[in-house]
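Enquirer: Mind looking over this structure? Questions follow.
The values are calculated or read from the model by the stated rules, or taken from the named source; none is laboratory data. Since this is a predicted model, take the numbers as computed values, not measurements. Cβ coordinates were reconstructed from backbone atoms using ideal geometry, including for glycine residues, and neighbour counts include every protein chain displayed.
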Amino acid sequence: MNENELTIRNLNAYYGGFQAISNVNMNIPAKEVTAFIGPSGCGKSTFLRTLNRMHEEIEGARVEGSIELEGQDLYAHALNPAAVRRHIGMVFQHPNPFPSMSIRDNVLSGLRFNSISCKGEAGDDIVEWALRSANLWDEVKDRLNKPGVGLSGGQQQRLCIARAIALKPEVLLMDEPCSALDPISTRAIEDLILELKQSYTIVIVTHNMQQAARISQKTAFFNLTAVGEPGHLVEMGDTEAMFSHPNMPQTKSYISGQFG
Amino acid sequence: MSLLTLNSSATKAREGKHWFARTPHEMPETEETGKTVATIESLSRRRKLRSLLMNCVVVVSACVVVIPVISIFWTALTRGIAQLSPYFLTHNMRGIVGGTYPYGGIFHAISGTVEITGVTMLICAPLGIFAAIYINEYARRSRLSRLVVSAVNIMSGIPSILAGLFAYALFSLLSGVGTINGFVGVVALAVLALPTVIKTSLEAVSRVPDTLRESALALGASRSVMIRKVVLRTALPGLVSAVILAIARIIGETAPLMIAAGIVDNTNFNLFSGRMMTLPAYIYNEYSQGLATCPTAHVASLMPCDPQIRIERAWAAALVLILLVAVFNAVGHWVARRSMAGSRHS
């Protein structure tokens, strides 16, 4: 029923001479949560980072193939990677608010980096809206000018989500956003992801298969044939189907905990 | 206690030594071969004694470190305070003869030190911080950045007298033999300050976690915006200490300034012409001349004369130098604290 937001064709990613992922083809549906699962080193994080052109920030890293967001190739020659990243936000594994900034300044940082005016009342509105969207407003509304690093780990991660959505991106990429958090904070982030999927396309990398089952509608399973070989997409499908009767035997053995 | 002894005697019977007295790979001793059987009490007494001893060593070492600091400040304070007066701070040494009144002051040395140190830092702070940014942000493993780093390491080992001779020789070539002025001193001090600024700010910039750089880029920041708004802002306290450390490094330099900026009695604000006095050079100059000459007794009764005046002036100038460093330090830390969003309250 949903149109595809991201269309990935024949994607290969390299670190220098090492190929990290080979020939991935995938459609990521709009306004749904897509989870990437797979053993360590299978390239799922690398693949996630190619989706907003963060992969190329690593020295020697390069990408082949095409990724289209609403029909526009992200790797088109004339396109500035910064513009891509404005529209495809990212949340990292470890919560990392900017330590030199207050909670308010953290939320507005993306706008300021892009010279988008957010002074005075307009800024206040954006801060409140983003923090409310990240379910953090009630906890921090009295201390917006305190440093962001003074919050708990789970609150910091929600602040990072607020910071990402303040730019109103089309897509939100999350790289194991809960792996550094306790179960209660994880629960809060998962609830938040389910709310956010109404407005954003969400792609999440996770090591936790229960988490993938709880929050995602689509699941993609990545694997690698041997250490040193590039990772590849084994299969992708509706989460329910993937977890109850996967097509490929290696998906089945990974999901049932036989390796990984 | 009785339970413990009961248990331990059972262990003793089995393996010769208590579990708490055995080291991991010790062979079990039998009752016959074991000479001394340690008890919990004796072991605990030994442990506490050793802890007390180590505590004493640590506290004494800490005190020994503090003694010279307090002693230096105390000596400068007690010996320098006598001559320290508004007159002393606002007058120079023009027309001061021997030990006779008026005793003169250090205004020319203060203005020279502030001007030369200030201009040196105006040159070195941006230069050093830009170099650190280039090395850390643009060319992490490039040949040029490795070259700069090793050049900095060699430069930081240059004896200060050589820096003075270098500046003197350079300006002798550029603008005539024997050119001595404030700016020659600035160049000499810049050679000394630059490695400190580069090394310390490189350390500050490289301590900024890469995850923050990634976050900024992922929010659509360009590289220059990321460096300006995230890297430099996060590293700011470290950059301020880089500048403070460099000031502390050069403000007490004596030998290069005596060669490059010279020694003079009158106040000179012009960096580019004429010799310029500085506090360390003043201190050395006063102290090295020893006792001042006073006229014969009957003239001295008409005009006050203090043969010790040179030494007193040297100490007073030393006290001013220490206070100047302390003020620079306080201002630097205040700036760093104020600019952090963390301490801002609304």
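Enquirer: Looking only at residues that are more than 12 Å from chain B (Cβ to nearest Cβ) and not hydroxyl-bearing (Ser, Thr, Tyr) in region A:138-156, which one is farthest from residue B:213 (Cα to Cα)? Walk me through how you get there before you give the answer.
Expert: Step one: of region A:138-156, the residues more than 12 Å from chain B (Cβ to nearest Cβ) are A:138-141, A:151-155.
Among the residues that remain, those that are also not hydroxyl-bearing (Ser, Thr, Tyr) are: A:138-141, A:151, A:153-155.
Details: A:138: 29, A:139: 27, A:140: 25, A:141: 27, A:151: 20, A:153: 19, A:154: 21, A:155: 21 Å.
For region A:138-156, the residue satisfying everything is A:138.
Enquirer: Looking at region A:191-202, can you tell me whether even one residue there is assigned to a strand (DSSP E or B) and away from chain B (no Cβ under 14 Å)?
Expert: So in region A:191-202, the residues assigned to a strand (DSSP E or B) come out as A:201-202.
Narrowing further to those that are away from chain B (no Cβ under 14 Å): A:201-202.
Checked region A:191-202: at least one residue is assigned to a strand (DSSP E or B) and away from chain B (no Cβ under 14 Å).
Conditions tested, residue by residue: (1) modelled with pLDDT under 75; (2) surrounded by fewer than 10 Cβ atoms within 10 Å (Cβ to Cβ); (3) in contact with a Gly (Cβ under 6 Å, 6 or more places away or on another chain); (4) among the hydroxyl-bearing types (Ser, Thr, Tyr).
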position	(1), (2), (3), (4)
B:7	yes, no, no, no
B:13	yes, no, no, no
B:24	no, yes, no, no
B:27	yes, no, no, no
B:33	yes, yes, no, yes
B:37	yes, no, no, no
B:42	no, no, no, yes
B:47	no, no, no, no
B:50	no, no, no, no
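Enquirer: Does any residue of region A:33-40 turn out to be more than 16 Å from the chain's Cα centre (by Cα) and more than 14 Å from chain B (Cβ to nearest Cβ)?
Expert: Checked region A:33-40: at least one residue is more than 16 Å from the chain's Cα centre (by Cα) and more than 14 Å from chain B (Cβ to nearest Cβ).
Enquirer: For region B:207-230, give me the residue count where each residue is more than 10 Å from chain A (Cβ to nearest Cβ) and at pLDDT 95 or above.
Expert: Count: 1.
Enquirer: While we're looking at this one, here's another question. Conditions: (1) buried (at least 21 other Cβ atoms within 10 Å of the Cβ); (2) more than 14 Å from chain B (Cβ to nearest Cβ). Residue A:135 meets all but one. Number of the miss?
Expert: Going through (1) buried (at least 21 other Cβ atoms within 10 Å of the Cβ); (2) more than 14 Å from chain B (Cβ to nearest Cβ) one by one, residue A:135 breaks only (1).
Enquirer: Give me the pairs, please: first residue somewhere in region B:91-103 and outside the structural domain of residue B:296 (by TED's automatic domain parsing) and in contact (Cβ under 8 Å) with a residue 40 or more places away in the chain, second residue anywhere and surrounded by 19 or more Cβ atoms within 10 Å (Cβ to Cβ) and hydrophobic (A, V, I, L, M, F, W, C), beta-carbon distance under 7 Å, and either six or more positions apart or on two chains.
Expert: Going by the 7 Å Cβ cut-off, there are no qualifying pairs.
Enquirer: So, residue A:8, is that one surrounded by fewer than 21 Cβ atoms within 10 Å (Cβ to Cβ) and β-branched (Val, Ile, Thr) or not?
Expert: The answer is yes for residue A:8.
Conditions tested, residue by residue: (1) within 30 Å of residue A:93 (Cα to Cα); (2) small (Gly, Ala, Ser); (3) in a helix (DSSP H, G or I).
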| position | (1), (2), (3) |
| --- | --- |
| B:226 | yes, no, yes |
| B:230 | yes, no, yes |
| B:239 | yes, no, yes |
| B:243 | no, no, yes |
| B:247 | no, no, yes |
| B:250 | no, no, yes |
| B:259 | no, no, yes |
| B:267 | no, no, no |
| B:274 | no, yes, no |
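Enquirer: Can you report the number of residues in region A:107-118 which are of a type outside the set (A, V, I, L, M), in a helix (DSSP H, G or I) and more than 9 Å from chain B (Cβ to nearest Cβ)?
Expert: Of the residues in region A:107-118, 0 are of a type outside the set (A, V, I, L, M), in a helix (DSSP H, G or I) and more than 9 Å from chain B (Cβ to nearest Cβ).
Enquirer: Do we find that residue A:186 is without any contact (Cβ under 8 Å) to a residue 24 or more places away in the chain and of a type in the set (Val, Ile, Thr) in this structure?
Expert: no
Enquirer: Restricting attention to region A:138-147, and to residues there that are assigned to a loop (DSSP other than H, G, I, E, B) and out of contact with any strand residue (DSSP E or B) (no Cβ under 9 Å at 6 or more places or on another chain), which single residue is surrounded by the most Cβ atoms within 10 Å (Cβ to Cβ)? Steps first, answer last, please.
Expert: Residues of region A:138-147 that are assigned to a loop (DSSP other than H, G, I, E, B), as a first pass: A:141-146.
Applying the additional criterion that residues be out of contact with any strand residue (DSSP E or B) (no Cβ under 9 Å at 6 or more places or on another chain) yields A:141-142.
On the way: A:141: 13, A:142: 8.
Ranking the qualifying residues of region A:138-147, first place goes to A:141.
Enquirer: Condition first: more than 24 Å from residue A:15 (Cα to Cα), under 19 Å from the mean Cα position of the chain (by Cα) and surrounded by fewer than 20 Cβ atoms within 10 Å (Cβ to Cβ). Can you find one or more residues in region A:216-224 that meet it?
Expert: yes
Enquirer: Okay, moving on. For region B:265-279, does any single residue satisfy the condition of being more than 30 Å from residue B:188 (Cβ to Cβ) and out of contact with any helix residue (DSSP H, G or I) (no Cβ under 6 Å at 6 or more places or on another chain)?
Expert: Checked against the condition, which is being more than 30 Å from residue B:188 (Cβ to Cβ) and out of contact with any helix residue (DSSP H, G or I) (no Cβ under 6 Å at 6 or more places or on another chain), region B:265-279 yields no hits at all.
Enquirer: Looking at region B:161-193, which of the residues that are among the β-branched types (Val, Ile, Thr) and more than 23 Å from the chain's Cα centre (by Cα) is surrounded by the most Cβ atoms within 10 Å (Cβ to Cβ)?
Expert: Applying the filter and picking the extreme gives B:184.
Enquirer: In addition: I need a count of the residues in region A:90-106 that are outside any loop (DSSP other than H, G, I, E, B), touching a strand residue (DSSP E or B) at 6+ places or on another chain (Cβ under 6 Å) and more than 7 Å from every other protein chain (Cβ to nearest Cβ).
Expert: So the count comes out to 1.
Enquirer: Which residue out of A:83, A:130, A:78, A:122 is over 30 Å from residue B:239 (Cβ atoms), aliphatic (A, V, I, L, M) and either touching a strand residue (DSSP E or B) at 6+ places or on another chain (Cβ under 7 Å) or surrounded by 21 or more Cβ atoms within 10 Å (Cβ to Cβ) (or both)?
Expert: Being over 30 Å from residue B:239 (Cβ atoms), aliphatic (A, V, I, L, M) and either touching a strand residue (DSSP E or B) at 6+ places or on another chain (Cβ under 7 Å) or surrounded by 21 or more Cβ atoms within 10 Å (Cβ to Cβ) (or both) holds for just one of A:83, A:130, A:78, A:122, which is A:130.
Enquirer: While we're here: Scan A:153, A:120 and give me the residue that is touching a Pro at 6+ places or on another chain (Cβ under 8 Å) and small (Gly, Ala, Ser).
Expert: A:153
Enquirer: Oh, and also: Does residue B:62 satisfy the criteria of being farther than 30 Å from residue A:60 by Cα and loosely packed, with under 14 Cβ neighbours inside 10 Å?
Expert: Here the answer is yes, as residue B:62 does meet what is asked.
Enquirer: Return only the number of the condition from (1) more than 10 Å from chain B (Cβ to nearest Cβ); (2) at pLDDT 90 or above; (3) surrounded by fewer than 22 Cβ atoms within 10 Å (Cβ to Cβ); (4) outside any strand (DSSP E or B) that residue A:65 does not satisfy.
Expert: Failed condition: (4).
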